[in-house]
Structures are given as C-alpha cells and as structure tokens.
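Values in this text are rule-based calculations from the coordinates and carry no lab data. Here the structure is a predicted model, which is why all the values come from computation and not from measurement. FYI the Cβ positions are ideal-geometry reconstructions off the backbone, even for glycines, and counts take in every protein chain you see.
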C-alpha cells in the first residue's frame, strides 16, 4: 500500500473546507488583539462656544456702539469757537463793567488744534444799538441797560464787525484770578524778556502779583498787556496739568466756578478739555491783533482809540482759525 501523504491542515479543519476562514477566533487570541486607536477628534480639547450669534452679541453690540460714539464725540472734525471775556473790576452783586481782555478761541479736536487771538480793548467798532465806540464798552452798555445781557452784546458786536458766527462765551472776573492762582499755590511763569517790572526768566507769582502782571500798563501799552494775559493763561494751564498740581484741583475748581460764567454746554467741556490736553499749553497758537493792523486815532471827545484795518485783521483771524 502507498503511504498516506501528511496533511498540513489543522486537525480541527477538514481538507478543502470552504468555511475554514469563517470560523470563530479563539478566546485567547481575541484577548491579545490590540484595540483600534481612538479617533483624533476624541483627543482634541473641547472647543469654546463662540459668542457670535448668541447672548454675547447683546454685550458686544452696545460696546462697539459706545466706542464709536465716544470716538465721534472726541474726534469729530467739527470745531467749537468761543469768545473769552475778562471783565474789569465790578462789585460782586453786579456785572456792569468793561471787558478789558477779549480773546477769540477755536478748538478743532480732529487735528488737534487750539487757536487764540487777542483783540485790543480800544478797537473802534460798531456796537449794535449803541453806535461807534470801543469794543470793550459793548458789555458795559448792555449790562447797564439790562443785567445779564452783556455777554450776548459782546458776541453780537464781535460777530458783526469780524464777520463771525460765535455762539458761546466764557466770562471771567479779573478780581477772581487771584483766588484761582492762590488755590493753585501760586503760578510759575517764564518770561522771554523783561515784562511788567520783572526781568527775563522764571518767576513765582502769588494771586495778587499774577493779577497785577496781567493788568500792567505802567511801562507799556495795551498790546503788551494782551501778551501778558496770554503768557499768564499758558503758565496756569501748564501748571495745572502737572501731576503734582492735581491735589489742588478741587480747590481750583471751586474758585473757578465762582469766577467763571459761561453758556458753553456741559457736554462740550470734556471734548474741549481733552483737545487742550492733547495740544498742551505750548501747542496753543497764540496771536494778537498787532500795531500794524490798526491806526491810532483821537476822537472828537479826545479819546485815544484804534481804527481797524479790516483786511489785515480778517487775515489775522483766518490765520488763527486755520492750523
């Protein structure tokens, strides 16, 4: 007999079994088989839910609107013009006085830019309802006729003669300047040349000395007096924005509120204040109507006045208004 060929198949399988590959895997082999790797998504950190399109948008929307409104408020290109009036001495219960200091001021936050133009008090102009007279008497005549009408009369006079459209004024009592300066602890002023009896250099002025400096005409004329007033204003502003002076701001604010009268809306104060801070006292463009812009004249009553050269004065106003 021929020997039988040895079969290589597993004894559990029959030769040529077509179902051999479908047999169950032994329990031991099943336990040793590796588990499939988890999907990559399971290993990623959980995503944070976006606020967009959810309740968070209720917070983001008003916040963006507020930022836009604040940006427009502080940086909008429209300018604010106002008239600054320094009122001569008057008893505390009345405002019937001349305005010996008259300044035009313009604020342009978008630049930022602040311009200042001093007007001589003896400028001969037409005063509505009065006729020709010094510009500083417009306030006096109006207050004498009806208390409280002086600032508007000064505005009307400047608008008529200078061709402007001013609506706001700031009126300051000269006598109250000493209270403001004293509340500041005095003011340090740098003089580029000898002025009002002081040599060139830095000087510390008390309230009385500061008021005398601003009003001094002993050895100079009204043009020097305008320069003195502008130097004093810049020195006060420069000192007030220094951090070491902030502790005195409450006392200064109280003194200023007693000294200042204005129709400037309260909502404009922060806007103008921020513009002034951005420009800085040394960045203010300070101009004056000069001797070349006027002609000295003696009236029939013997008063020394200044006749305006309007083309030159208009050019000076345009220079102040435009950065």
Can you run the Rg to Rh ratio on the stretch 204-292? Use alpha carbon positions and the Kirkwood inverse-distance Rh.
-> 0.99
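Suppose the chain between residue 322 and residue 310 were pulled fully straight at 0.36 nm per residue; how much longer would it get relative to their current alpha carbon spacing?
Numbers: separation 12, 0.36 × 12 = 4.32 nm, distance 1.81 nm.
Additional length available on full extension: 2.5 nm.
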For the stretch 74-321, the Debye formula with one identical point scatterer on each Cα and no solvent gives log10 I(q)/I(0) at q = 0.08, 0.15 Å⁻¹ as -0.30, -1.15
Once both labels are modelled 7 Å past Cα along the beta-carbon direction, what's the residue 146-residue 285 spacing in nm?
-> 3.7 nm
Just grab the label-to-label distance for residue 297 and residue 89, each label 7 Å out from Cα along the Cβ direction, in nm (one decimal).
-> 3.1 nm
Residue separation between residue 165 and residue 258 times 0.36 nm, minus their alpha-carbon distance, gives in nm 30.7 nm
